[in-house]
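Remarks on the structure that follows.
Computed from the coordinates by the stated procedures, all read-outs in this text should not be read as laboratory data. Everything numeric here is computed off the predicted structure, so don't read it as measured data. Every residue, glycine among them, receives a Cβ derived from its backbone with ideal geometry; neighbour counts consider all protein chains shown.
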Amino acid sequence: MSERIRLGLIYGSTRPGRLCDTVANWVAGQVREHPEFEIERIDPAQLRRDADGRFDPDDVAARIERAEAFIVVTPEYNHGYPAALKELLDSAYEPWQAKPVAFVCYGGISGGLRAVEQLRQVFAELDAVALRETVSFTEIWEQFSATGELRSPERARRSMGKLLSRLRWWAESLRDARQRRPLRQAA
């Protein structure tokens, strides 16, 4: 087996009482079943802030740089993604380049997919590679029990397995490409 893939698990919400913790914990449990990944949680609610209240750009850049692939866990707020996630994405540029990004989203009737479609555009501008595979939870309040267990896990587990398989392929391929020739040399 090749070297383990450092996976940045990005939390998309900072709201008090957020469901993001429940969904991210489920994602982390699924990832732990795949020993080729090691997880680093990147939670905007826990990141250092500078004197002006913005994310410390050095802290964010270091965390993004360490990761070789990402899973963004995001809710959909008013047909879009949360402001804290936008701030996190905009706090670094080059460390995102030539790295794969997958999405696990949740919300009401759309299951967060409208937020993901917007995020795909942002990651394209960051020169990251957004995967097609997405795990989406519609009517999130009905999906998980009060203890954080997914009520009907079969479909989500299958989708997550495919997502992780594809994420692994992209992470290893892009790792090799970055080592052979950094993206900045392609300008």
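A compact table of results
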item: Distance between region 157-181 and region 35-102 - C-alpha centres, whole angstrom; result: 18
item: Rounded to 5, the percent of DSSP beta bridges in the chain classed as antiparallel; result: 10
item: Cα shape, region 3-97, gyration tensor, a/c 1.5 rule; result: oblate
item: Estimated inter-spin distance, Ser159 and Arg32, nm [label 7 Å along Cα→Cβ]; result: 2.3
item: Sites Arg41 and His79 - FRET efficiency at Förster radius 35 Å, r taken between beta-carbons, to 0.05; result: 0.85
item: Rounded FRET efficiency, nearest 0.05, which uses the C-beta distance separating Glu94 from Asp50 and R0 of 22 Å; result: 0.70
item: Cβ-based exposure ranking for Glu76, Glu149, in which fewest neighbours within 10 Å come first; result: Glu149, Glu76
item: Length gained when the stretch Arg66-Ile109 is fully extended (0.36 nm per residue, less Cα-Cα span); result: 12.0 nm
